[in-house]
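Reading through the structure tokens given below for one structure.
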Amino acid sequence: QVQVVESGGGLVQPGGSLRLSCAASRSIFSLSAMGWYRQAPGKERELVATVTNGGTSNYADSVKGRFTISRDNAKNTVMYLQMNNLKPEDTAVYYCTVADYGNFWYWGQGTQVTVSS
């Protein structure tokens, strides 16, 4: 069992930046993969970015070059999503998720990101 808690969401103007944090209840380096998904009103949840235990990352085309997923090597229970050049279409609830080696995915409650002038 792994608990994950997101933080760092908020209101930002277009072109601005936010950094989301995800705190897990055990070392993220003991997990097989972790990632971020988002869900906008009236839309299905979609992948934003993932990273494997080996460090291979994957991004949705819509965020490539703007978002970066990373793990905190010092605080080994924390990972981040750095979001730059935010657009109104990035507005959504962002969810952190982590997978154990049994391929079971654990989800946080989500954090709201609103991009608006």
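The condition of being free of Cβ contacts under 8 Å to residues at least 24 places away in the same chain and among the polar types (S, T, N, Q) holds for only one of S32, S21, S57, that being S57. I'd like the residue in segment 1-23 that is in contact with a Phe, Trp or Tyr (Cβ under 8 Å, 6 or more places away or on another chain) and assigned to a strand (DSSP E or B) and, out of all such residues, is surrounded by the fewest Cβ atoms within 10 Å (Cβ to Cβ). The extreme case among them is R19.
How about segment 25-53: which of its residues are at pLDDT 95 or above and of a type in the set (S, T, Y)? Those that are at pLDDT 95 or above and of a type in the set (S, T, Y): Y37, T50. Among the residues of segment 47-71, those identified as closer than 15 Å to K87 by Cβ and charged (D, E, K, R) are D61, K64, R66.
Where strands (runs of 3 or more DSSP E) sit wholly within segment 33-117, those with at least 3 residues that are under 19 Å from G10 (Cα atoms) and touching a strand residue (DSSP E or B) at 6+ places or on another chain (Cβ under 8 Å) occupy 33-39, 67-71, 78-83, 92-99, 111-115. In the set (1) loosely packed, with under 13 Cβ neighbours inside 10 Å; (2) closer than 14 Å to C22 by Cα; (3) of a type outside the set (G, A, S), N103 fails one condition alone, (2). Candidates are the residues of segment 63-84 that are exposed (fewer than 14 other Cβ atoms within 10 Å of the Cβ) and more than 16 Å from M34 (Cβ to Cβ); the one that is modelled with the lowest pLDDT is A74. Right, S30: open to solvent by 30 Å² or more (accessible area, probe 1.4 Å), touching an Asp or Glu at 6+ places or on another chain (Cβ under 9 Å), under 15 Å from W105 (Cα atoms) and not hydrophobic (A, V, I, L, M, F, W, C) or not? So S30 passes the test.
The values are calculated or read from the model by the stated rules, or taken from the named source; none is laboratory data. Since we're looking at a predicted model, the values are computed, not measured. We place every Cβ from the backbone using ideal geometry, glycine too, and count neighbours over all the protein chains shown. Quick note on the areas: whole protein, heavy atoms, side chains included, nothing else; ligands and nucleic acids left out. Shrake-Rupley method; radii C 1.70, N 1.55, O 1.52, S 1.80 Å.
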